[in-house]
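Some notes on the structure that comes next.
Every read-out reported here was derived from the displayed coordinates using simple, explicitly stated rules and does not represent laboratory data. Small disclaimer: the values here were computed from a predicted structure and weren't measured. Note that we place each Cβ from the backbone using ideal geometry, even for glycine, and neighbour counts take in every protein chain shown.
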Amino acid sequence: MSERTPVIEAAGLRIGYVLRNGKKKVVHSGLNLKLYAGEVTCLLGLNGAGKSTLLRTLGGFQQALSGEVLLQGKPLSAFSQAERSLAVGVVLTDRTHAGGITVYELVSLGRHPHTGFFGRLKKRDRDIITHSLQAAGISHKASGYVAELSDGERQKAMIAKALAQQCPIIILDEPTAFLDVTSRIGTMALLRRLAREQQKTILLSTHDIEAAIQMGDRLWLLEKERPLACGTPEDLILGGLFETFFHKDDIRFDPATGKLTATAPLTPIGLTGDPLTAHWAANALMRNGWRASSPDDTRIHVNCLGKRQIVITPPNRPPLCVNSIADLIATIETLNTKDDKRNHL
Amino acid sequence: MNRRICLLYTLLPAALVALLAGSVVYGAVSIPPESVLDILLGGEPQRASWRHIVLQSRLPQAFTAMFAGASLAVSGLLMQTLFLNPLAGPSILGISDGANLGVAVVMLCLGGSLSRLADLPVSGYPAIILAAFVGACAVLGLILYFSSKVKNNVMLLIIGLMIGYLASSVISILNFYASTDKVHAYVMWGLGNFSGVSLAQLPLFLLCSSGGLFLAVLLIKPLNALLLGELYAANLGVRIRRTRMTILLCTGILTAVTTAFCGPVSFIGLAVPHIARLLLGSSNHKALLPVTLLTGSCIALLCNILMVTPSMNTLLPLNAVTPLIGAPVVIYVIINRKNIHYFN
């Protein structure tokens, strides 16, 4: 493994709040973390795990209760507010009141740490704003009002603002929370591209496990009273960490699909054949209480010959042929009830 | 710069000059315009009283209206941006009520014994002005104190409202125990007017008001950042605590000075920033602040002209006129808020 210098680093970090009476409310302690340039890191955790507190601490909005965050090797507490505004740019979920300014003006606010007392924009500033608008894919709306943007476009505009700020680190609090499914993927793809092309260090919190597994270079799993789990999504899944972090009541993480499912007693069923058909057959079977496994003489065997040709072979009985997933499920259900009756007799 | 801004930067000053001229020429006493011009140029008018009316009454009144309108409008804009609440205004924080209370104490408690104050350097009108200033600054001090305790702007706004109610309550009690003529005098002051500033007091008023307006112009950059909310602004390098204090101080000065000299003037602080944003089509303070300032001056001068009742020899109360312009604007804005960009 190559030795790279982390952009943000912390060891034994304790985060939380100082209450009015001077007591400390610890949200999480003993956090060890590292963030690297050119990577998108997704912070996952259930509500109350302390995601927002961690992001606020790393963004410099609140101080760590103990331990030190090192930003490019320098303690975060040693940064002045002006220096911090040049190091970390944020995109938050807060409602803004910027509807009455244009997208260009919104993005130009990102130049604030760089401009003088009256915020006058020089040619260099205007060039950077134009580039940021292009990089975020929102330049076609530059002269439109922020109020006229869709949620996805608004998120792009805020990302463009963070780009115009020219910070090496961008922290985003649930950037995909209010977006529809295409804007969600679009935003994640944009962030990945920015991390790659501009060598930005990007940290975002999200509840979207699937998108995080798909698009995140590195994941942080956060839960109360547990050390932060860091790693590539695949290593974390193969290491069984997802199952332990997202196991709650009847919900469990399925490492085979990378999805959260409501647990039901799953009976194994043999599944073979055309990969695409088999994949969706497995999806339908899972919903109905079956887990796709390797064929076995003692269980039902489903062989997908094609999209419209599925052969079901119950143990010790002649095979049946169906031509849709709906028929497959219906047939399996009837076989199952017959089996149940026979067992009762 | 876009065309709308250029147009407004031409039209508003032109309107301001026209309204200023109108305020000097047109009044309860009919004086021919050429005589007014003559008087302004230092000539001798047909009647000696006209000279007094134009120079001692109309001229200071017009300038008072111009600066009071600008001050109230700008302080309204500052409040609306600071609290990210389009319905905030200078009277919301209780600063106006503090000024009212100061005036009430002087007029209702000491009113009869003003002669006893004659030994002091201030008495009569100056005493009222000083009391309003002290009252406004006392509430401002309280608000500044609470703003360091309460981080949430909406909560601070509610505290401001409560302080306003407390002040009103004390005023009611004072009214209850005061004699009828004092209550009448206080009610008359409460109607508001631009004619309370004499030519001698005018420089002081203009100085205080311009000072506040100048301070507001220095706040343009952080005000724009605050449109994104305090966290974003902090991330853009704005020192939130210091900026909040400066904005509150600036609003305090503008409101206190205006209320002290003109009485509580309603609706200009609340409605003018909306008129300015609708005219400009932008909430970028770089253009919005100057436009608000100019619009405030124009609206106040317009009210000043509308106060004149041609048939009678007196003026309508100012606060009878301002809601005629202000209230429809606020209602329009609320009804159309879904289509107005700066609300979304």
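Details
- Inverse mean reciprocal Cα-Cα distance (Kirkwood Rh) of segment A:267-344, Å: 12.3
- Estimated FRET transfer efficiency when R0 is 35 angstrom, pair A:SER150-B:LEU7 (beta carbons, to 0.05): 0.65
- GNM result for chain A, Cα springs below 10 Å: residue of A:GLU39, A:GLU333, A:GLU243 fluctuating most strongly: A:GLU333
- The charge dipole of segment A:8-249, taken about the Cα centre with unit charges on the Cβ atoms of Lys, Arg (+1) and Asp, Glu (-1), comes to about 960 debye, rounded to the nearest 20.
- Positive dipole terminus of segment A:8-249, leading residue within A:THR115, A:GLY38, A:PRO227 (C-beta point charges): A:THR115
- Calculated log₁₀ intensity ratio I(q)/I(0) where the Debye formula runs over C-alpha points of segment B:3-343, q = 0.07, 0.08, 0.09, 0.13 Å⁻¹: -0.30, -0.39, -0.49, -1.00
- Normalised by 2.2 N^0.38 Å, with N the number of residues, the alpha-carbon radius of gyration of segment B:270-344 equals 1.28.
- Most fluctuating residue given options A:ASN316, A:ASN288, A:ASN32, as computed from a GNM of chain A linking Cα atoms under 10 Å: A:ASN316
- This ranking places B:MET307, A:MET215 by how few other beta-carbon atoms lie within 10 Å of each, fewest first, which gives A:MET215, B:MET307.
- In plain terms, the chain from B:ASN336 to B:LEU306 could stretch by 8.1 nm, reckoned as 0.36 nm per residue minus the Cα-Cα distance.
- Restraint check, A:LYS141/A:LYS161; B:LYS286/B:LYS338; A:LYS122/A:LYS156; A:LYS51/A:LYS200; A:LYS51/A:LYS259, Cα-Cα greater than 18 Å: B:LYS286/B:LYS338; A:LYS122/A:LYS156; A:LYS51/A:LYS200; A:LYS51/A:LYS259
- Using alpha-carbon coordinates, inclination of helix A:275-287 to the longest axis of chain A, degrees: 90
- Helix-only mean residue ellipticity at 222 nm for chain A, each DSSP H run of n ≥ 4 adding -39500 (n - 2.57), per residue, nearest 500: -10000 deg cm²/dmol
- Overall dimensions of the protein assembly as shown as given by Cα atoms, namely Rg and Dmax in Å: 34.5, 126
- Residue with peak Gaussian network fluctuation, chain A [Cα springs, cutoff 10 Å], from A:PRO75, A:PRO295, A:PRO318: A:PRO318
- The label point for A:ALA284 and the one for B:ALA320, both projected 7 Å from the Cα toward the Cβ, are 8.2 nm apart.
- Computed FRET value (nearest 0.05) for A:ARG14 with A:SER293, which takes r as the C-beta separation and R₀ as 45 Å: 0.50
- From the alpha carbon centroid of segment B:1-67 to that of segment A:65-138 is 47 Å.
- Cross-link reach list, aspartates and glutamates versus B:LYS221, counting only Cα pairs under 19 Å and skipping chain neighbours closer than eight places: A:GLU83, A:GLU105, A:ASP125, B:GLU230
- Pair A:GLU68, B:TYR26: separation of 7 Å Cα→Cβ label points (nm): 7.1
- Counting every C-alpha pair in segment A:225-308, the share spaced more than 15 angstrom apart comes to 63%.
- Chain A: antiparallel DSSP beta bridges as a percent of all, rounded to 5: 55
- Kirkwood Rh and Cα Rg combined as Rg over Rh, evaluated for segment A:1-56: 1.06
- Between B:LEU161 and A:THR257, the C-beta separation translates, for a Förster distance of 45 Å, into a calculated FRET efficiency of about 0.25.
- Gyration tensor over the Cα atoms of segment A:8-249: the corresponding equivalent ellipsoid has semi-axes (square roots of 5 times the eigenvalues, largest first) of 30, 22, 16 Å.
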